[in-house]
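Structure first, then comments.
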Amino acid sequence: MKKRLCVFASGSGTNMQAVMDQIDQGNINGEIALLIASAPDIGAIARAQSKGIPFRVFSRKDFASSEERDKAIIKTLKEFNIDYIILAGYLGILTKELISHYPNKIINIHPSLLPKF
C-alpha cells in the first residue's frame, strides 16, 4: 500500500520535484497527496499543479500565531489522510503540537541552519 505523503515547501519546489521523480521511478512507495505551501506565489505550487497534486497555502501572517497556523494544517493533514510529512525547503518552524501528531513521521530533506535559531 502506497503511503500518502505531504510535502511542505516555501520555494521553487526543486526538492519536491526530486521526490516526485523518485516516486515516478519506483524508488519511493508513496504518492504526494498534498502540498502545504507557505506563500501563494511559490514555484512548488506550479509543480504540484502540473501533476494534479492538491495544495493549500498557510501563510504565517494569516494567523494569530504559529500554533493557530499549525492547528489549521493538522486539520488539513487529517482531511487528506496523510501518513508522512516531507519538509522540502520549508521555512516555517513547526510547533510542538504539529510534531506530536506525526511522531517519527516527519523528514526534513532540505535542512537549513537559520542564524536566528
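If I filter segment 71-103 down to residues being part of a loop (DSSP other than H, G, I, E, B) and open to solvent by 60 Å² or more (accessible area, probe 1.4 Å), which single residue comes out as modelled with the highest pLDDT? Explain how you work it out, then say what you get.
Start the filter on segment 71-103 by keeping residues that are part of a loop (DSSP other than H, G, I, E, B), which leaves 80-83, 88-95, 102-103.
Keeping just the survivors that are open to solvent by 60 Å² or more (accessible area, probe 1.4 Å) gives 81, 91, 93, 103.
Numbers: Asn81: 98, Leu91: 87, Ile93: 89, Pro103: 95.
Looking at the filtered set, the residue picked out is Asn81.
Would you check which residues across segment 1-39 are in a helix (DSSP H, G or I) and over 10 Å from the mean Cα position of the chain (by Cα) and list them?
Of the residues in segment 1-39, the ones in a helix (DSSP H, G or I) are 14-24.
Residues satisfying the conditions are Thr14, Asn15, Gln17, Ala18, Val19, Met20, Asp21, Gln22, Ile23, Asp24.
Whether any residue in segment 60-70 is under 24 Å from Met1 (Cβ atoms) and open to solvent by 50 Å² or more (accessible area, probe 1.4 Å) is what I want to check.
Start the filter on segment 60-70 by keeping residues that are under 24 Å from Met1 (Cβ atoms), which leaves none.
No, the conditions are met nowhere in segment 60-70.
Criterion first (touching a strand residue (DSSP E or B) at 6+ places or on another chain (Cβ under 6 Å), open to solvent by 60 Å² or more (accessible area, probe 1.4 Å) and not aromatic (Phe, Trp, Tyr)) does Pro54 satisfy it?
Values: touching a strand residue (DSSP E or B) at 6+ places or on another chain (Cβ under 6 Å): yes; open to solvent by 60 Å² or more (accessible area, probe 1.4 Å): no; not aromatic (Phe, Trp, Tyr): yes.
Considered against the rule, which asks whether it is touching a strand residue (DSSP E or B) at 6+ places or on another chain (Cβ under 6 Å), open to solvent by 60 Å² or more (accessible area, probe 1.4 Å) and not aromatic (Phe, Trp, Tyr), Pro54 comes out as no.
The values are calculated or read from the model by the stated rules, or taken from the named source; none is laboratory data. Because the structure is predicted, anything quoted here is derived from the model rather than measured. Positions of Cβ are backbone-derived with ideal geometry, glycine not excepted, and every protein chain shown enters the neighbour counts. Ligands, DNA and RNA are stripped out before the accessible areas are found, and what is left, the full protein with its side chains, is counted by its heavy atoms. Shrake-Rupley method; radii C 1.70, N 1.55, O 1.52, S 1.80 Å.
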